[in-house]
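Please read the structure below before turning to the comments.
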Amino acid sequence: TPPPPAAPLCTAAVPATQADLTKRKLDVTVSCNKVGTASIRGHVTVSASSKLAGVAAKHKQAKAKRYSVGLTRIAIPAGRPTAVKATLPAKTTRAIEAALKRHVKVSASLTVTVTDSSGNHSVAIASVARLRAPKKTKHTH
């Protein structure tokens, strides 16, 4: 009997600067050596505010908050990177935007599971230590 087909080899990356946060999207790049279906899920962590952390540390209340990233499924072609926009729930988007305005650290961790036509799975974890909104362009009049 022939050996079973090998599982797909996949990689995933999340850029630190995210352009579509206001549109409730998180950019992810997924590449795989086989055609398959990618399932993306994960979480975004908003650190405790640095101003609150000092006060709340005395009372043991300063904690980072975790927000979910909605499940996203997409077909991935073989051999080339594919840009995927993972869907963010409205609550997660509001928390990210508020944290970025206050200059609070926001990190993300996503798990990408790619399944090929034979049912073999490959898991890639993409994380970014600090999400950033795009720099605002200055308008000259």
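The values are calculated or read from the model by the stated rules, or taken from the named source; none is laboratory data. Remember, it's a predicted structure, so these values are computed and weren't measured experimentally. So basically every Cβ, Gly included, is an ideal-geometry build from the backbone, and we count neighbours across all protein chains shown. In case anyone asks, the SASA skips ligands and DNA or RNA and just uses the protein heavy atoms, side chains included. Shrake-Rupley method; radii C 1.70, N 1.55, O 1.52, S 1.80 Å.
What the table below lists for this structure:
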read-out	value
Karplus (6.51, -1.76, 1.60) ³J(HN,Hα), θ = phi - 60°, over the range 114-120, in Hz, Gly and Pro reported as x	10, 10, 8, 5, 7, x, 6
Efficiency of FRET from Cβ geometry, ALA13 and THR37, R₀ 25 Å, rounded to 0.05	0.85
Under-5 Å amide H pairs with LYS34, H placed in peptide plane, nonlocal only	LEU9, GLY79
FRET E, pair ALA133, ALA75, Förster distance 25 Å, beta-carbon r, rounded to 0.05	0.30
Gain in span if fully extended, ALA90 to THR22, counting 0.36 nm per residue against the direct Cα distance	23.5 nm
Amide hydrogen neighbours beyond the local backbone of THR82, cut-off 5 Å, H modeled	VAL30, SER31
q = 0.09, 0.14, 0.20, 0.22 Å⁻¹, the chain: log10 I(q)/I(0) [Debye, one scatterer per Cα]	-0.35, -0.70, -1.10, -1.23
Links that overshoot a 28 Å alpha carbon limit, given the list LYS34/LYS91; LYS63/LYS101; LYS25/LYS105	LYS34/LYS91
Crossing angle, helix 50-59 versus the chain [Cα axis fit, 0-90 degrees, rounded to tens]	80
Per residue accessible area of the chain, 1.4 Å probe, in Å²	64
Alpha carbon centroid spacing (whole Å) that separates the range 69-87 from the range 88-129	12
Surface share of carbon and sulfur [accessible, 1.4 angstrom probe, percent] for the chain	56
Sum of side-chain charges, PRO77 neighbourhood, beta-carbon under 13 Å (Lys, Arg +1; Asp, Glu -1)	+1
